[in-house]
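In what follows, a single structure is set out as structure tokens and then discussed.
Any read-out appearing in this document is the output of simple, stated calculations on the displayed coordinates, not a laboratory observation. Predicted model only: the values in this text are computed from it and were never measured. Here Cβ is always computed from backbone atoms with ideal geometry, including for glycine, and neighbour counts include all displayed protein chains.
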Amino acid sequence: MNYNFKHLILFLAPLMAIVALMYFMIIWTAGVSMTEWVGLVPSWKFIGLGNYTTLLGLGRFWVNLQNNVIWLATFIIPTAAFGLLLAYGIELSGRAAFIWRPLFLYPIALSFVITGTLWAWMYDPGSGVINTILRALKLDFLAGSWIASPKLAIYCLVGTAIWQYTGFAMVLYLAAIHGIPPEIREAAMVDGASHLQIFRHIIVPNVGHATLIVVATLAIFSLKVFDLVWVMTMGAPGHRTEVLPYLMFIMAFQQYRGGVGTAISVIILLLAIGVVLPYARWAMKKWMG
């Protein structure tokens, strides 16, 4: 069957329509962020960068931005590293892989509401599982206030996300490891290489394409995390666990400051572009020639 330009348009039209709608919504959001929209009724009074100036003068905004940076710095590398180590360990487990693979993958199937509820209960300073176990083991000095602590709360949330997303990274790395020709590892083993040496010199250099996807996806999640914050702490204690998406929700849907809320969404988009695109370009040059 011969395909012509009409067939091309027919197959691409639905995709192009979705892409066009996406870009239209981005442009519309950027436009709203420059209006004086306060309340439930839209206001199209143009105020330029007024909403952005308001945000920059808001101390709460900088706390939220700092927390997003903490998420980026403490969530991506551990999740990717644990995922890669698990993938290699499961690859070495042989027939037992069919047991271990779904076991570590199950957390990603849970909704963030369920995950947040479970871990908030586990982190509870009074009756939580973690402190209860520590006290039962006579390790009371390790028991902490966890999500009630201004210093620890943000890291407790990050730890929960690491637990849930490690299985996602593991699956992608497993697929990448399976794509490595087995002859390479077999030759290395014949030459006397240990599993650690194979991991370092063969596995890690050859899963770069998976790392690109894993890191980019985790970075985007770090910048748009909302569910866990809402369910586990609602930004408490104080504003110490708030992130930009949470502040966007507060501004747009609780304080009804639509212009300021959309300005935050534009900032989140710019942060995502500023983080993901440079990394993607560097990774593609490094691992894909």
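Some points to look at:
- The label point for Gln66 and the one for Phe11, both projected 7 Å from the Cα toward the Cβ, are 5.3 nm apart.
- What the phi angles of the range 65-81 give under the Karplus curve with 6.51, -1.76 and 1.60, with θ = phi - 60°, is a coupling list of 5, 4, 5, 5, 5, 4, 4, 4, 6, 10, 9, 5, 5, x, 5, 5, 5 Hz, glycine and proline written as x.
- Mean separation of Cα contacts under 8 Å (6+ apart) over length of the chain, as relative contact order %: 28
- Close amide H pairs (under 5 Å, H built 1.01 Å from N) link Thr35 with Ile47, residues at least 5 positions away or on another chain.
- Residues in the range 240-269 reached by a label modelled at Thr53 [backbone nitrogen below 15 Å; 7 Å Cα→Cβ]: 260
- Residue pairs exceeding 32 angstrom between C-alpha atoms, taken from Lys6/Lys224; Lys45/Lys224; Lys224/Lys286: Lys6/Lys224.
- Choice from Tyr165, Tyr279, Tyr23 showing the highest fluctuation, given a GNM over the chain with Cα pairs closer than 10 Å: Tyr23
- Among (1) 6, 27, 35, 24, 7, 0; (2) 6, 20, 25, 24, 16, 6, 2, 0; (3) 6, 30, 39, 20, 4, 1, 0, the entry that matches P(r) over Cα pairs in 10 Å bins from 0, in percent as calculated here: (2)
- Highest-first packing order for the peptide set 207-215, 270-278, 10-18 is 207-215, 270-278, 10-18, based on the mean count of other beta carbon atoms within 10 Å.
- Full-extension gain in nm, Met234 to Leu85, via 0.36 nm per residue minus C-alpha separation: 50.3 nm
- Residues Phe253 and Trp121, FRET efficiency given R0 of 25 Å [Cβ-Cβ distance, rounded to 0.05]: 0.40
- Selection from Ala263, Tyr173, Tyr155, by position along the positive dipole direction of the range 49-287 (Cβ): Ala263
- Dipole magnitude of the range 1-155, debye to nearest 20 (Cβ charges: Lys/Arg +1, Asp/Glu -1, about Cα centre): 120
- Charge dipole magnitude, Cβ of K and R +1, D and E -1 - the chain, Cα centre, debye nearest 20: 280
- Computed label-point distance, nm, for sites Glu186 and Ala143 using a 7 Å Cα→Cβ extension: 5.7
- Normalised contact order of the range 118-245, rounded percent, pairs of Cα under 8 Å and 6 or more residues apart: 26
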